[in-house]
1. Could you list all residues from the stretch A:112-133 that are of a type in the set (A, V, I, L, M, F, W, C) and farther than 21 Å from B:ASP187 by Cα?
2. Against the definition (basic (Lys, Arg), within 23 Å of A:ILE246 (Cβ to Cβ) and in a helix (DSSP H, G or I)), how does B:LYS201 come out, yes or no?
3. Here's a check for you: in the stretch A:33-50, which residue that is over 21 Å from A:MET1 (Cβ atoms) and out of contact with any strand residue (DSSP E or B) (no Cβ under 7 Å at 6 or more places or on another chain) is surrounded by the most Cβ atoms within 10 Å (Cβ to Cβ)?
4. Here is a check on your reading of the model: is A:ILE238 over 23 Å from B:ASP68 (Cα atoms) and either modelled with pLDDT of 95 or more or crowded, with 20+ Cβ neighbours inside 10 Å (or both)?
5. Could you list, in sequence order, the residues of the stretch A:119-140 that are within 14 Å of another protein chain (Cβ to nearest Cβ), of a type outside the set (Val, Ile, Thr) and more than 22 Å from B:GLN178 (Cβ to Cβ)?
6. Of the conditions (1) facing chain A (nearest Cβ under 7 Å); (2) closer than 19 Å to A:ARG158 by Cβ; (3) in a helix (DSSP H, G or I), B:GLU228 clears all except one; give me its number.
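The values are calculated or read from the model by the stated rules, or taken from the named source; none is laboratory data. All values reported here derive from a predicted model rather than from experimental measurement. We place every Cβ from the backbone using ideal geometry, glycine too, and count neighbours over all the protein chains shown.
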Number of protein chains: 2
Amino acid sequence: MKKILIIGSGNVAHHLSIALKNSGFEISQIFSRNLITSKKLASKIRCDFTNEIEKVQDYDLAVLCVKDDEIQNVVNQFDKRPIVHTSGSSGLSVFKNQKNLNGIVYPLQTFNKNTKININEVPFFIVSDDIVFKKELKRIFLKISGKAEIIAEDRLKRIHLAAVFACNFSTEMYSIAQEILMAENSDFENLKPLIYQNFKKIENNKIKTLRTGPAKRKDFTIINKHLETIRDPRLKKIYQAISDYITQND
Amino acid sequence: MKKILIIGSGNVAHHLSIALKNSGFEISQIFSRNLITSKKLASKIRCDFTNEIEKVQDYDLAVLCVKDDEIQNVVNQFDKRPIVHTSGSSGLSVFKNQKNLNGIVYPLQTFNKNTKININEVPFFIVSDDIVFKKELKRIFLKISGKAEIIAEDRLKRIHLAAVFACNFSTEMYSIAQEILMAENSDFENLKPLIYQNFKKIENNKIKTLRTGPAKRKDFTIINKHLETIRDPRLKKIYQAISDYITQND
């Protein structure tokens, strides 16, 4: 598998196509409905681009880098040749009516066109029902990263779940803190030294052992005062659920 | 107010007593029930230490650096001279039966004896019902930090609440992610590049605008799959509460 069709021209497409090209693969084309971003990417890669399915040239592997809610639609159009999507959450079920070789190559990283990334350190998780195909995928992605691993589909789901907690939900906690301070006209900058210091805890083998705060101390007086302070009932639920989890789970 | 009695010999006592001494204040004594840690700290500061209340020498201000659940007990013993505690959550109510000048000096930082900290960047929030005393406290703590600010007690509560979300709860999200991966025998190291990349979002003026993930996309198929995957009902509640908050609050 030498010739790769990249579907999509967003952040993931950008980083993966450059990494594949740099590792000696030929990017046959960029297929994307957005001709502005695909033209830009194609000129970087020095390859062709199109938004018309009839103009798609010969390729060995299609790498789908579109948003989760567009995957099913695109998969239905590319049902002849080997294809992978790159989503941690969509699973193999999007391929259920397909006869072509198919799988998932999930890079455990958040990509932004304008941010350099050390692709060699990004773990790639590979899922496929086809034993030969998944080995071939591993071979390909080991060329761009030191960490390419074949795993079962249900494990991928749980790794994605962990990523949701570690990224989406941790970000939400920072965002809530920021909004509480903004409502106070207090500067979020004041909290940053503490956040940076606290963040170092993730280096620990067992982060749980480094818990601090009212819930860790089972200080229900403070917990109840905080719950009184919070006006938004949805925020109250978050505070209650996390505090319950900490107080009941030493 | 030149002579300061430090009560406690833990992490906060350690950093504050050194900072006060370095700013020209005289630490009259370390008062602590733990003679091992107080001896160590006293030798660093070159001052006296004791665990007997009768041996406490003359001082101008007592700075209470003990655990939240010990504050009330210690406050009751030191009811003659000016005193402050350093807790973000205990409030002024611990002083309600006291006639001496009292207040709160809350450093918005997590302290560890073995970790150097740039004390000049730590924001100190000052609360007191006495107008003259709180100005005096501000004067003192502006000598050790560029950021000492007098605020109302209810604002302190909300700043502390923000700190709980930004630190205790964000840490819990990382810890949950780690536990999910540990249950998979999957290495948390795999998630770290993503966590570091994602963490940079806190630099944004409005973190909320940088949300990603299933809840942000209102992808209820994935949200429900995740909820099915989670076995611990308390964890399910956390997932549900945060996802509800994100999907209902753009």
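1. Filtering the stretch A:112-133 for residues of a type in the set (A, V, I, L, M, F, W, C) gives A:117, A:119, A:122, A:124-127, A:131-133.
The answer is A:ILE131, A:VAL132, A:PHE133.
2. On the way: basic (Lys, Arg): yes; within 23 Å of A:ILE246 (Cβ to Cβ): no; in a helix (DSSP H, G or I): yes.
No; evaluated as a whole, the condition is false for this residue.
3. Initial filter on the stretch A:33-50 (over 21 Å from A:MET1 (Cβ atoms)): A:33-40, A:43-44.
Cutting the leftovers down to out of contact with any strand residue (DSSP E or B) (no Cβ under 7 Å at 6 or more places or on another chain) gives us A:33-37, A:40, A:43-44.
Details: A:ARG33: 14, A:ASN34: 15, A:LEU35: 14, A:ILE36: 9, A:THR37: 19, A:LYS40: 16, A:SER43: 11, A:LYS44: 14.
Among those that are over 21 Å from A:MET1 (Cβ atoms) and out of contact with any strand residue (DSSP E or B) (no Cβ under 7 Å at 6 or more places or on another chain), it is A:THR37.
4. Values: over 23 Å from B:ASP68 (Cα atoms): yes; either modelled with pLDDT of 95 or more or crowded, with 20+ Cβ neighbours inside 10 Å (or both): yes.
Yes; evaluated as a whole, the condition is true for this residue.
5. Of everything in the stretch A:119-140, just one residue is within 14 Å of another protein chain (Cβ to nearest Cβ), of a type outside the set (Val, Ile, Thr) and more than 22 Å from B:GLN178 (Cβ to Cβ), namely A:ASN120.
6. (1)
For (1) assigned by TED's automatic domain parsing to the domain that holds B:VAL63; (2) under 30 Å from A:ASN120 (Cα atoms); (3) under 26 Å from the mean Cα position of the chain (by Cα); (4) polar (S, T, N, Q), each residue gets a yes or a no:
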| site | (1), (2), (3), (4) |
| --- | --- |
| B:MET182 | no, yes, no, no |
| B:ASN185 | no, yes, no, yes |
| B:ILE207 | no, yes, yes, no |
| B:ILE222 | no, yes, no, no |
| B:ILE230 | no, no, no, no |
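Every residue, every condition in (1) within 14 Å of chain B (Cβ to nearest Cβ); (2) surrounded by fewer than 21 Cβ atoms within 10 Å (Cβ to Cβ), yes or no:
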{"position": "A:ALA62", "(1), (2)": "no, no"}
{"position": "A:VAL66", "(1), (2)": "yes, no"}
{"position": "A:ASN112", "(1), (2)": "yes, yes"}
{"position": "A:THR115", "(1), (2)": "yes, yes"}
